[in-house]
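The values are calculated or read from the model by the stated rules, or taken from the named source; none is laboratory data. For clarity, every value in this text was computed on a predicted model and none was experimentally measured. Heads up, the Cβs are rebuilt from the backbone with ideal geometry, glycines too, and the neighbour counts pull from every protein chain shown.
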Amino acid sequence: MKKKVTIYIFDTNIFLTGIDFNLFEGVIYTTPSIIEEVNDRRYIEKNRNILNKINAAIETNKLKIKFPENTYIEKIKNISKKTGDFKALSDADRELIALTLELIEKSNKRVKMYSNDYSIENVCSELKIPFSPLYKDGIEFRIAWEVYCPYCKNIHKVEDLNKICEICGLKLRRRPKK
Ligand SMILES: [Zn+2]
């Protein structure tokens, strides 16, 4: 059986961790606006050589830059309005989720999105897009999560993530505990 290649989608905050792209077996995709954001934020994150790394990966086809089709951007706009994340998402965020959805539908490969943005996570969860955060030290559980209902704001047990609020019928979400 032929092993399916995986496509990884990277958000700005993933590039800024400085992660070694070769740790990912497969091709990495992102959008032009994400690369612009990385360019704007690399000094704040003290990661000046990140663009060299990105350019080298583009040259070897490890990293591909693609703008999503408009139909997918429209789809993400509608879904994020439904989940209540529309205002929290930038154009760049929407384009990135749209590209992910497009590659899932058209590439016939496994696709996984990497981002540390909670609104992106919510929309991906709604669309059943495989999603993972990735922190600088690679350890996600250092963050204490809180599971809550986006409507009635009640706090639930962490194990109840993605279950339905008994009061409102909405899917529970998570956020870092303050
Ligand atoms: Zn509720």
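Pick out, from the stretch 69-178, the strands (runs of 3 or more DSSP E) lying fully within it that include 3 or more residues that are modelled with pLDDT of 90 or more and surrounded by 14 or more Cβ atoms within 10 Å (Cβ to Cβ).
So the answer is 110-114.
Restricting to the stretch 27-65, give me the number of residues that are buried (at least 16 other Cβ atoms within 10 Å of the Cβ) and touching a residue at least 40 places away in the same chain (Cβ under 8 Å).
7
From the list S90, S80, S115, exactly one residue is farther than 16 Å from I9 by Cα and touching a Phe, Trp or Tyr at 6+ places or on another chain (Cβ under 8 Å). Which is it?
Selected residue: S80, the only one of S90, S80, S115 that is farther than 16 Å from I9 by Cα and touching a Phe, Trp or Tyr at 6+ places or on another chain (Cβ under 8 Å).
Identify, please: which residue in the stretch 19-40 is assigned to a helix (DSSP H, G or I) and either outside the structural domain of L96 (by TED's automatic domain parsing) or in contact with a Phe, Trp or Tyr (Cβ under 9 Å, 6 or more places away or on another chain) (or both) and is, among those, farthest from L96 (Cα to Cα)?
Looking only at the stretch 19-40, we keep the residues that are assigned to a helix (DSSP H, G or I), and these are 21-23, 32-40.
Going one step further and asking which of them are either outside the structural domain of L96 (by TED's automatic domain parsing) or in contact with a Phe, Trp or Tyr (Cβ under 9 Å, 6 or more places away or on another chain) (or both), we end up with 21, 32-35, 37-38.
Details: F21: 18, P32: 9, S33: 9, I34: 8, I35: 11, E37: 12, V38: 14 Å.
Filtering first and then ranking leaves F21.
Hey, could you check the stretch 156-170 for residues that are of a type in the set (A, V, I, L, M, F, W, C) and under 24 Å from the mean Cα position of the chain (by Cα) and say which is nearest to the ligand (Cβ to nearest atom)?
Here the residue is L170.
Scan F67, F86, F15 and give me the residue that is within 18 Å of F131 (Cα to Cα) and aromatic (F, W, Y).
Among F67, F86, F15, only F15 is within 18 Å of F131 (Cα to Cα) and aromatic (F, W, Y).
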